[in-house]
1. Of the residues T100, T127, which is away from the ligand (no atom under 15 Å from the Cβ) and of a type in the set (S, T, Y)?
2. Just give me the residues in region 147-170 being outside any helix (DSSP H, G or I), in contact (Cβ under 8 Å) with a residue 24 or more places away in the chain, surrounded by fewer than 21 Cβ atoms within 10 Å (Cβ to Cβ) and of a type outside the set (D, E), in sequence order.
3. Under 6 Å between Cβ atoms, at least 6 apart or on separate chains: pull out the pairs that start in region 21-48 with a residue that is over 16 Å from V167 (Cα atoms) and end on any residue that is within 10 Å of the ligand (Cβ to nearest atom) and among the aliphatic types (A, V, I, L, M).
4. Which numbered condition in (1) within 12 Å of the ligand (Cβ to nearest atom); (2) over 24 Å from L258 (Cα atoms) is the only one that L151 fails?
5. Restricting attention to region 185-199, which residues are part of a helix (DSSP H, G or I) and either open to solvent by less than 50 Å² (accessible area, probe 1.4 Å) or at pLDDT below 95 (or both)?
6. Condition first: of a type outside the set (S, T, Y) and touching a Gly at 6+ places or on another chain (Cβ under 7 Å). Can you find one or more residues in region 70-79 that meet it?
7. The conditions are (1) open to solvent by less than 20 Å² (accessible area, probe 1.4 Å); (2) assigned to a helix (DSSP H, G or I); (3) more than 13 Å from the ligand (Cβ to nearest atom), and T47 fails exactly one of them. Which is it?
8. Any residue in region 63-85 that is closer than 30 Å to A248 by Cβ, of a type outside the set (A, V, I, L, M) and more than 19 Å from the chain's Cα centre (by Cα)?
Amino acid sequence: MHIVHTLPALRCALATYQHPAVVPTMGNLHDGHLALVRQAKPLGDVTVATIFVNRMQFGPSDDFDSYPRTFAADCAQLEAAGCDVVFAPSEQVLYPEPQTFRVEPSPALANTLEGEFRPGFFSGVCTVVMKLLACTQARTAVFGKKDYQQLMVIRQMVQQFNLPVDVVGSDTRRASDGLAMSSRNGYLSPAERAQAGELYAALCTLAQAVRGGQTSVQALQDAAMATLRSTGWKPDYVALRRQSDLQAPAPGEAMVVLAAARLGNTRLIDNLEL
Ligand code: PAF
């Protein structure tokens, strides 16, 4: 496995390949990331993982400084998963000058849910993903469906800019209690970790109620938020939306329920397609 930190070294490592399959990450890898790498492997002629903690997508009170940097362990895991090339640029390499051009995603998709609670987040994500796709000359890029809205925003960006990239969504990996794998799970105390499966349980309960014929979206969302609050969570949202554009669902449309909630100091997100 080649580990490269600069653009010339990346170009050299990829020079003989036509179809890079790329997994963008911020490092601190877990089994969910490694599943993305394994999924990417047959989709290209070289598998590339990028590791870059992107300051631009963090808000002023977010965890940019404390975000775990575990580069050596990440590389060992990537190599074991069959990754061919790791591109881990410094900020100086990826942003050699102030980034005055930015990708601004469609407000209808990017200003709701995560975008409402994390202003500028999706602009930061799109800008760095655009740069990483350009640097790696990706022909396929694999993203986790845990970040459901992020995946939709990236798909729309790729479509609207005619990027020659197949965007592939990968199913969320879960622990046995349902907790979605996430780098931020490492912030949970043992007591919080024991409780953390409640977020997915709340989504399952809501989905079950919809399947059982309950139709009041507001009542379903309120009930899920109340259940979470009753055990100490601070939910930002539990929202039942339609899958196509994350707007309010109409009867008969394919739906997804998405949630973000804090347990102690850790903010977790999850979703479930119905
Ligand atoms: O999902 C992530 O890890 C990040 O948002 C991404 C896509 C690597 C962009 O920094």
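1. Matching residue, one of T100, T127: T100.
2. Hits for region 147-170 are F161, L163, P164, V167, V168, G169, S170.
3. That search, which allows pairs on different chains as well, returns M26/V53; G27/I51.
4. (2)
5. N185, E192, Q195, L199
6. Taking every residue of region 70-79 in turn, at least one turns out to be of a type outside the set (S, T, Y) and touching a Gly at 6+ places or on another chain (Cβ under 7 Å).
7. Exception for T47: condition (2).
8. There is no residue in region 63-85 that is closer than 30 Å to A248 by Cβ, of a type outside the set (A, V, I, L, M) and more than 19 Å from the chain's Cα centre (by Cα).
The values are calculated or read from the model by the stated rules, or taken from the named source; none is laboratory data. From a predicted model like this one, the values you see are computed outputs, not experimental measurements. For neighbour counting, all protein chains shown are included, and Cβ atoms are generated from backbone atoms with ideal geometry for every residue, glycine included. These area figures cover heavy atoms from the full protein model, side chains too; ligands, DNA and RNA do not enter into them. Shrake-Rupley method; radii C 1.70, N 1.55, O 1.52, S 1.80 Å.
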